[in-house]
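Have a look at the structure below before the remarks.
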Amino acid sequence: CTDLDVQPRNNLTPDVFFSTDDSYERFLTRIYAGLAVTGQAGPAGNADIKSLDEGFSSYLRQYWQLQELPTDEAVIAWNDDGLPDLVTQSWSSNNQFVRAMYYRVFFQVSMVNEFLREATDEKLDARGVSEEVVAQMPTFRAEARFLRALSYWHAIDLFGNVPFFTEDQAVGATAPRQAGRLEVLEYIQAELKEIEPLMAEPGTAAYGRADRAAVWMLQAKIGLNAPVYGATPAYNEVVDACNNIINSGAYALMDTYHHNFLADNDRSSEFIFSVNFDGEATQTFGGTTYLVHAALGGNMTDANYGVVGAWGGLRTTPSLVDLFPDETGNIDERAIFFTDGQTKAVGAINEFTNGYAVPKYQNVTSDGTAGQDPTFVDTDYPMFRFAEVHLIYAEAVLRGATNGDIATAVTLINLLRERAYDSAAGQITADELTLDFILDERARELYWEGHRRTDLIRFGQFTEKGIWAWKGNVAEGQETPTFRNVYPIPVEDLLSNPNLVQNDGY
Amino acid sequence: QGKVQGVATDENGEPLIGATVLLVGSSRGTATDFDGNYLLENVPSGEQQIRASYTGYADLTKTITVADGETITLDFTLGEDVEVLDEVVVIGYGSVRKEDATGVVAKVTTKDFNRGAIVSPEQLITGKVAGVQIAPGDGSPGGGSAIRIRGATSLNASNEPLFVVDGMPLDNEGTAGGRNPLNFINPSDIESFTVLKDASATAIYGSRGANGVIIITTKKGEAGSRPRVNYDGYYTVNELRGEPAMLDAGAFRDLVTFHAPSRLSQLGNANTNWFDETLRTAQGQSHNLSVSGGGQDYGYRISAGFQELEGIIRSSETERISYALNYNHKLLDGNLLINTNLRGARTQDVFDPGIGAAWELDPTQPVLDPANTAFGGYFEYGNPLAPRNPVSAIEQRQDLGQSFRNIGNMDMELKLDNLLEGLSLKGNVGFDINQGERTTFEPTTFVNTQVANYNGRVRVENFTRTNYLMDAYLKYQRSLNERNRLDLTVGYSYQDFNEEYPIFEGQNLPTDQFGANRPDIAEDVFPFNTSFENRLISFWGRAIYSFDDRYVLTATLRRDGSTRFGPENRWGLFPSAALAWRVLEENWAEGLNDLFSDLKFRVSYGVTGNQEIGDYRYLSQYAISDQRARYQIGYNADGTPIFINTARPDAYDAGLKWEETTSFNAGLEFGFGNGRISGSLEYYVQNTNDLLFDVNVAAGTNLSDRVLTNVGELQNSGVELSLTGTVVNTPELSWSLSGNIAYNRTEVLEISNIAGSGGILRGGISGGVGNNIQILRVGGEIDAFYVYEHILDENGNPVNDVADQPMYVDQNEDGVINEADRRLYQSPAPDIIYGLTSNLQFKGFDLAMTLRGAVGNYVYNNNASNRGFYNRITGLPGFMNNVHESALVTGFRNPQYFSDYYVEDASFMRLDNITLGYTFLPKRGVSSLRLYVTGQNLLVFTRYSGLDPEVGIGGIDNAPYPRPMGFIFGASLGL
């Protein structure tokens, strides 16, 4: 007897898996879930990414860390290998968090490519998939491409010139070539244009799935930052995208700012695209679970925030606090700081009590009920929030868009400020609407939402110019070399892929 | 007809009890009684031959003439026959005469075994064989060991040798049910260990031979011997050796007063030594009873054992009830030999929760806090980040493992001399069934939502591992003429492994009253299941050709097919060849006979494989997410979220193939002075190619960042020397010494995706998350420590983080101290391992000891690095953690995990055991009685600052189960 064909029992081979109609939705949902979960067993186990701790490999956790920790918005106390280096802008190409984000981005791209390879019309035909599924497939494929575009944008924003590969390169093929930042940017823009009509109408997709407004939002955000990537400014397109979203009427600002960050924020009217978590069904040590727990410590009572366990990690620097008229939130309700027992100054990075705590994300609902689970939170993450559309519109106009106007920009900004002040007290005039004001207002409105590094770079203040506590590894802060505007390509991939050239300075 | 009577004695005149006395040419025989006397009746008249035989002694045949009615007295004095014992060595699928052995084969028999309270069989030969490192994982009762024969040959696949018990290759993977999968074998049933080291010896096991093979031969009944009853038993006491370097309550109070006066209010009023509260003097006992004997054509042995051993951490325990049966029978005039073995055990382990928390908790806090009813009256902070009270864990948590493992096999040999002289057919069928359960119960007063996200927990794991074997082979063994001998074997083997692992976990218990019995009453239940199968099919052959007793040539070939590889790479071919030259048999070498009693040169070359990588790794597979890794897409009509179980395609490499180790060995066996000194010297080089390893692949080329694939090359090379000598050998006093020493170096030669300054970080440590202290890098040793070079101050102490100067050397001189400044520094693998055994006998006394050691093995002191800093008392809100004494020297405020200060030389020499025994002279009814006392692990010489320099193969000292020292009082009785 020489029979050596033994089939797996816990997993499915592709033939078996694709023999049912729901397989395509499961696969596509996995790509959405790739922004939230870290593997196929919650909260950890059967990891997607294997070269580091699974909890660290969360897309959202690392994206957030790379976007926030090196800025004036956040510091973190822990001594995990390479983590203090993020705060002080002294990372190397061996940094495990940089590596985590890098591989997570390309994991997403690989998943999308595989999906597109498996969801071709020919394969659907050959498998005898039902009419209903066949009908869904153009939208499914467009959504997958949207997610790929999103990740490629993160890739060029964080890493500059990156490996570039699409569904045309099969698994196990030769190492991908390195494409320039601008080339990938143009690819993303072309993709977004192509999928726009295929996506669901704004506000009509099932919660959690991307629709046409998400495409517009991505177009707007990319358009705003395109000059950083070497493209010719095209701010009119940014305004067009903003107008599309505003005019769709599918989104509205929430009455209370803070309700966007609580356990029942899945009902927020402001979310254009969210990453969803659930205390029971979507458990991970990354994502909002991290953002809620890590921000608690000192004299904070964890139960007040709907969780058990203060991880004693994240705080902010005085620079963010000083952007607000006062630190209590009584004037501007967006100032969500916990100050009891905390010093405003950050004398030591690894003392939780140094720097104000920021309980912006919480696992309690808007009516004060704790989330389902005390460890894993229900709070969703607003990847794209309508309030930002107001800010992007204003900035694009200030930067020279001709198809928008300052008056509309001021109105849009004042809508945000009226909500924040609960009155007209915070309103600004057209004269006060400057680019510097926009940068500060973005911090006030969008702090801890993963935008700050990109914003500072766009305004030329991430490395040169800007000074805040512990930047450059000194307590008072100092300027850093501009090569740190992009992260290094991790050593691992440089060694695996001979086509890659390291970013300057690393 | 007449009678023959007499007495059988050994050379010292001691009567031999139970010696067989046979009338040659008949089936008539008898056994000697307790005084060595025998009586053969009805001996036909005329010239007759009488043969006396006794195990371990040379047979003696005498010729007499019997007259009718006469009673003749015929005494026998039998000489010990060392030759007989050592004559044959087992190799895979057979055995050879020792002279014909061409591979590196080391045999350790009962008399050389380590003594002590030994649960796991492999510990019988710790320190006994050159180049075999048996590193106990920790000091838990019956804990597992890591075994490395000539270093590690693989990075991802297993490095453990293959165990073969009486011809049955074992599935040696652990299960949750017990601490060590080998524990089902009662050490007292073992006759010998044979360690096959080089490829010439192991290639017959093909794909499983790369890490060496350990063949365990168990005791058997002997045809023609009278029933013998043996009892072995001992009682043992164990306790901790050394003291953990944590502050006591007084010192801790002083430290807080000095460094953090604002926190004085958080101190308790107690003086608690958390180690005293969690450790104990442990006791144990063991009893083994065996009966063996046989008739004319059959032999049997039955044994039963009971062992119960407490661990020094309170609550930990192991208990084993074992049995073994052996029955062998010659049928068809000796042309059919059947040998059956059946053995099994129930092992029950009580697992302790560990004493990690004893290293953490503030020593001024009390053990009990009666007011704290939420935690069952134990002191607890009730903060998930704070350490838990270890006494509460020991007393409240239940963690029981139970495993039933049975293996059995029947091998048959049918001699087909009538077809072709020297031809025989052999068959072996066997099974290995391991079933068990692990149950964990944590009452609501132990785990509640103040410290975890559930209230009480029950977990039940059931597992079944089965393994069926069928071997069939043909043997042709014949002396062609005076000078040429031939031994040919060809065979087929089929082995199928199945594994099923259902787990049921219940969280949030409505009541603690059911203990672990009702996981179903939990509010939230989580069932899991894993199920695997793999199969190995093999064809193999071996030829041994011996010319004139001078030259022996062995060649083997195995073709293995494994389900773990894709159709293109499923079959692997593993050849080997070896040549031995017995110099003393040469005519010209006659002069050497005065000096040498043995002189043999050997060279061998062979290829072996490794496939221990888990199942289905070559296949494209979709993994479906579990209930806790679903994702919300939209809402149901009633407003509840819709969660979807997602599907993920896994990364895979369809082209996976066998890892291949090519080894070369050159050896010299020698004996001087009539065998008083004998030994061997070996040199080897082993290259492992197509190393199976999870490496980072170019982003975009697969479906994950790492894929298991064949990359790179690894080399082990070394020298081994074994020496055995008799120092004194008189009837009253004998003293023998045997020692072994081995040097090995393992180097990563190539990993295609890792070069230059890159590498794969390994060796996770306690402290922080995702912190790794070791690296795999081309040109480096495996798992070399990867650390900053700490700058020392004028007193030789590391510069601390309070001083205003850099702490670490800026290796790349870029002005920034970051990860790029870490460098390779030493490794956990020893350069040299050695063992020394001494056996002294004086009249009835015997004194034996085993010394063992290693040189050049380094350990990362994670206990110190994770606890030796003052932020332990200021860094966390609401509680303080105890501080490691090293902080008093370093003055570190924050942890310096990656400092080379914590990488310490852990070279050591250990007195593993020392035994003093006394054997009483045989008395009527008692053929042997020996009483002994053994000291285990009494002395360790080392410069390492932690509790014990042996911290497991990984070289990271992280509060393992401490290794005890102990005494054993035992008795052996033979009837």
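I'd like to verify a number: residues in the range A:184-213 that are outside any loop (DSSP other than H, G, I, E, B), touching a strand residue (DSSP E or B) at 6+ places or on another chain (Cβ under 7 Å) and closer than 23 Å to A:ILE246 by Cβ, how many?
1
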Requested in this report: Filter the range A:192-222 down to the residues that are surrounded by fewer than 19 Cβ atoms within 10 Å (Cβ to Cβ) and not aliphatic (A, V, I, L, M), then identify the one that is nearest to the other protein chains (Cβ to nearest Cβ).
Outcome: A:TYR207
Query raised in the report: Filtering the range A:293-335 down to residues that are more than 14 Å from chain B (Cβ to nearest Cβ) and outside any loop (DSSP other than H, G, I, E, B), which residue is nearest to B:THR874 (Cα to Cα)?
Result: A:LEU314
Report task. Please verify whether the range B:368-384 includes one or more residues that are touching a strand residue (DSSP E or B) at 6+ places or on another chain (Cβ under 7 Å), charged (D, E, K, R) and under 20 Å from B:GLY178 (Cα atoms). Result -> no
Query raised in the report: Here are some residues: B:SER663, B:SER680. Which one is assigned to a strand (DSSP E or B) and in contact with a helix residue (DSSP H, G or I) (Cβ under 6 Å, 6 or more places away or on another chain)?
Result: B:SER663
Query - Selected residue (only one of A:VAL389, A:VAL364 is surrounded by 24 or more Cβ atoms within 10 Å (Cβ to Cβ), modelled with pLDDT of 95 or more, more than 14 Å from every other protein chain (Cβ to nearest Cβ) and in contact with a strand residue (DSSP E or B) (Cβ under 8 Å, 6 or more places away or on another chain)) - result: A:VAL389
**Report entry** Qualifying positions in the range A:35-46 - in contact (Cβ under 8 Å) with a residue 12 or more places away in the chain and either facing another protein chain (nearest Cβ under 7 Å) or among the polar types (S, T, N, Q) (or both)
**Finding:** A:ALA36, A:VAL37, A:THR38, A:GLY39, A:GLY42, A:PRO43
Report task. Sort out for me the strands (runs of 3 or more DSSP E) sitting completely within the range B:548-639 that have 3 or more residues that are away from chain A (no Cβ under 14 Å), over 30 Å from B:ASP694 (Cβ atoms) and touching a helix residue (DSSP H, G or I) at 6+ places or on another chain (Cβ under 8 Å). Result -> B:551-562, B:571-582, B:596-610
Report task. Those residues that are at the interface with chain B (Cβ under 9 Å from one of its Cβ atoms) and closer than 16 Å to A:TRP468 by Cβ, I need them from the range A:89-99; list them, please. Result -> A:SER90
Query raised in the report: Which members of the range B:357-373 meet the condition of being in contact with a Ser or Thr (Cβ under 7 Å, 6 or more places away or on another chain) and of a type in the set (A, V, I, L, M)?
Result: B:ALA358, B:VAL367
Query raised in the report: Taking interchain pairs and intrachain pairs at least six residues apart, which have beta carbon atoms under 8 angstrom, with the first residue in the range A:346-358 and over 16 Å from A:THR301 (Cβ atoms) and more than 8 Å from chain B (Cβ to nearest Cβ) and the second assigned to a loop (DSSP other than H, G, I, E, B) and charged (D, E, K, R)?
Result: A:GLY355/A:LYS344; A:TYR356/A:GLU327; A:TYR356/A:LYS344
Report summary line: Scanning the range A:1-21 residue by residue, the ones that are at the interface with chain B (Cβ under 7 Å from one of its Cβ atoms) and farther than 24 Å from A:ARG145 by Cα total 10
**Report entry** Residue under evaluation B:GLY768, criteria (1) in a strand (DSSP E or B); (2) touching a residue at least 60 places away in the same chain (Cβ under 8 Å); (3) more than 28 Å from B:LEU196 (Cα to Cα), criterion not met
**Finding:** (1)
Query raised in the report: What is the number of the single condition among (1) within 14 Å of chain A (Cβ to nearest Cβ); (2) surrounded by fewer than 16 Cβ atoms within 10 Å (Cβ to Cβ); (3) over 30 Å from B:ILE185 (Cα atoms); (4) of a type in the set (S, T, N, Q) that B:GLN450 does not meet?
Result: (2)
Query raised in the report: If you scan the range A:273-290, which residues turn out to be touching a Lys or Arg at 6+ places or on another chain (Cβ under 8 Å) and assigned to a helix (DSSP H, G or I)?
Result: A:GLY287, A:TYR290
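Out of A:TYR32, A:TYR103, A:TYR24, report the one residue that is in a helix (DSSP H, G or I), more than 7 Å from chain B (Cβ to nearest Cβ) and either touching a residue at least 60 places away in the same chain (Cβ under 8 Å) or within 23 Å of B:LEU761 (Cβ to Cβ) (or both).
A:TYR24
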Query raised in the report: Among the residues of the range A:121-135, is there at least one that is assigned to a helix (DSSP H, G or I), more than 14 Å from chain B (Cβ to nearest Cβ) and within 20 Å of the chain's Cα centre (by Cα)?
Result: no
Query - Criterion violated by B:GLY725 - all others in (1) under 30 Å from B:ALA106 (Cα atoms); (2) in contact (Cβ under 8 Å) with a residue 60 or more places away in the chain; (3) not acidic (Asp, Glu) satisfied - result: (2)
Query raised in the report: For the range B:523-545, how many residues meet the condition of being within 13 Å of chain A (Cβ to nearest Cβ) and within 29 Å of B:LYS475 (Cα to Cα)?
Result: 6
Query raised in the report: Quick one: what pairs do we get from the range B:223-249, first residue under 30 Å from B:PHE275 (Cα atoms), second among the polar types (S, T, N, Q) and in a strand (DSSP E or B), C-beta under 6 Å, 6+ apart or different chains?
Result: B:TYR234/B:SER286; B:TYR235/B:GLN285; B:VAL237/B:GLN283
Requested in this report: Would you check if there is a residue in the range B:772-789 being at pLDDT 90 or above, among the aliphatic types (A, V, I, L, M) and over 21 Å from A:SER93 (Cα atoms)?
Outcome: no
Requested in this report: Mind checking which strands (runs of 3 or more DSSP E) fall wholly inside the range B:13-64 and carry at least 1 residues that are of a type in the set (D, E, K, R)?
Outcome: B:37-43, B:46-53
Report summary line: Within the range A:157-182, of all residues that are within 11 Å of chain B (Cβ to nearest Cβ) and either assigned to a helix (DSSP H, G or I) or aromatic (Phe, Trp, Tyr) (or both), the one surrounded by the fewest Cβ atoms within 10 Å (Cβ to Cβ) is A:PHE164
Report summary line: Of the residues in the range B:809-828, those that are outside any helix (DSSP H, G or I) and surrounded by 20 or more Cβ atoms within 10 Å (Cβ to Cβ) number 5
Requested in this report: Among what's in the range B:494-541 and is aliphatic (A, V, I, L, M) and assigned to a loop (DSSP other than H, G, I, E, B), pick the residue that is surrounded by the most Cβ atoms within 10 Å (Cβ to Cβ).
Outcome: B:LEU509
Requested in this report: Hey, can you tell me all the residues within the range A:47-72 that are more than 15 Å from the chain's Cα centre (by Cα), more than 7 Å from chain B (Cβ to nearest Cβ) and either surrounded by fewer than 24 Cβ atoms within 10 Å (Cβ to Cβ) or acidic (Asp, Glu) (or both)?
Outcome: A:ALA47, A:GLU54, A:ASP72
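The values are calculated or read from the model by the stated rules, or taken from the named source; none is laboratory data. In this text, all values refer to a predicted model and were calculated from it rather than measured experimentally. With ideal geometry, Cβ positions are generated from the backbone for all residues, glycine too; neighbour counts draw on all protein chains shown.
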